[in-house]
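Have a look at the structure below, then the notes.
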Amino acid sequence: MTQTNSNQLLLDQVIAAYSRTDNERWNTVIESLLRHLHGFANEVGLRPEEWWTAIDFLTRTGQSCVGPRQEFILLSDALGLSSAVDNLNNATMGGATESAVTGPFYAPHSPHIENGGSIALAGEGETVLIRGRVLATDGKPIAGAELDIWHTSPNQLYAVQDKNQPEMNFRGKLRTTADGGFAFRTIKPIAYPVPVDGPVGQLLGKAGRHPMRPAHIHFIVSAEGYRSVTTQLFTRGDEYIGSDAVFGVKDSLLIDYQRNTDRSLAVDWLLEHDFVLAG
Ligand code: BEZ
Ligand code: FE
């Protein structure tokens, strides 16, 4: 029997062992996963030392997942898999705001702030007022929609990565007013690197890739009766727009900050942006 034939018999046995449960979806997913895993090994003629390198890499990835550090999410992001899953499950509907990956730095329980309030508790940088409305795809304003917002500090770290920042720095939730309006103040975000002190950093280095994400702000926008959207707004013109380390940028999510000329607002920049939710 040839090697190819014996591996085909082996794969048939393995599939039979795992994909005969009473859960149809599980059977479909596990069978496809096994076919691709075995297919990959067969296609490249996987060598033992390569296999052990992969096991070691995955072991270290798991060992790096401590507290808020989520190296497996980062790995999925850096391989473009998170964006692929996002694209598969969030088809744009009728002009609704497009989604983007959540990333490993989302933290629940951000503090509620007043409309017009600030999410910047500490850090120096250019100030910005961000305002707009949350609308339905038919253009009607959505009152009481929630925006859950997070971004990095000017030192290029999220508060969850940095013990020297207040825990809730650059994080906040607010609700839209009766006309669907929202406004908040913050410091204009800058580009930052994903963590490179773990296995994913080594992978990026091996591939000769830089670790930078273009400047962006994360949002989860939700409202009762509507599909919530997890997304990001990216600064147009950022030098890393075309080479995001985690493949998250979409054209419809590029935004333009305007220099503020209204002194009464007391900010350096203004961003006007509406979010649109599908019903
Ligand atoms: C982020 O934007 O927070 C992020 C996304 C993917 C990987 C690392 C960071
Ligand atoms: Fe981010």
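Just one residue in the set 141, 166, 199 is more than 13 Å from ligand 1 (Cβ to nearest atom) and within 14 Å of residue 275 (Cβ to Cβ); that residue is 141. Within segment 82-113, the only residue that satisfies the criterion of being under 14 Å from residue 232 (Cα atoms), not polar (S, T, N, Q) and not in a loop (DSSP other than H, G, I, E, B) is 86. Restricted to segment 8-55, and to residues there that are in a loop (DSSP other than H, G, I, E, B) and at negative phi, the residue that is surrounded by the most Cβ atoms within 10 Å (Cβ to Cβ) is 19.
Looking at segment 261-279, which of its residues are over 25 Å from residue 143 (Cα atoms) and open to solvent by less than 30 Å² (accessible area, probe 1.4 Å)? Even if it seems obvious, please write down each step before you answer.
Taking segment 261-279 first, the residues over 25 Å from residue 143 (Cα atoms) are 261-264, 266-269.
Of everything in segment 261-279, just one residue is over 25 Å from residue 143 (Cα atoms) and open to solvent by less than 30 Å² (accessible area, probe 1.4 Å), namely 267.
Checking each residue in segment 70-98 for being within 13 Å of ligand 1 (Cβ to nearest atom), touching a residue at least 12 places away in the same chain (Cβ under 8 Å) and not hydrophobic (A, V, I, L, M, F, W, C) picks out 70, 71, 77, 80, 82, 83, 86.
Assess whether residue 186 counts as being in a strand (DSSP E or B) and open to solvent by 30 Å² or more (accessible area, probe 1.4 Å). Give the derivation first.
Working: in a strand (DSSP E or B): yes; open to solvent by 30 Å² or more (accessible area, probe 1.4 Å): no.
Against the criterion (in a strand (DSSP E or B) and open to solvent by 30 Å² or more (accessible area, probe 1.4 Å)), residue 186 does not qualify.
Taking the listed residues 277, 253, the one that is within 20 Å of residue 134 (Cβ to Cβ), within 13 Å of ligand 2 (Cβ to nearest atom) and modelled with pLDDT of 95 or more is 253, with no other qualifying. In segment 161-213, of all residues being within 21 Å of residue 66 (Cβ to Cβ) and either among the hydrophobic types (A, V, I, L, M, F, W, C) or not assigned by TED's automatic domain parsing to the domain that holds residue 242 (or both), the one that is farthest from ligand 2 (Cβ to nearest atom) corresponds to 203. Taking the criterion of being outside any strand (DSSP E or B), of a type outside the set (A, V, I, L, M, F, W, C) and out of contact with any Lys or Arg (no Cβ under 8 Å at 6 or more places or on another chain), the residues of segment 248-272 that qualify are 250, 251, 252, 260, 261, 262, 263, 264.
The values are calculated or read from the model by the stated rules, or taken from the named source; none is laboratory data. Quick caveat, the model's predicted, so the values are computed rather than measured. Because the Cβ atoms are built from the backbone with ideal geometry, glycine has one as well, and the counts that use them run over all protein chains shown. Side chains are part of the model used for accessible areas, which takes the heavy atoms of the whole protein and leaves out ligands, DNA and RNA. Shrake-Rupley method; radii C 1.70, N 1.55, O 1.52, S 1.80 Å.
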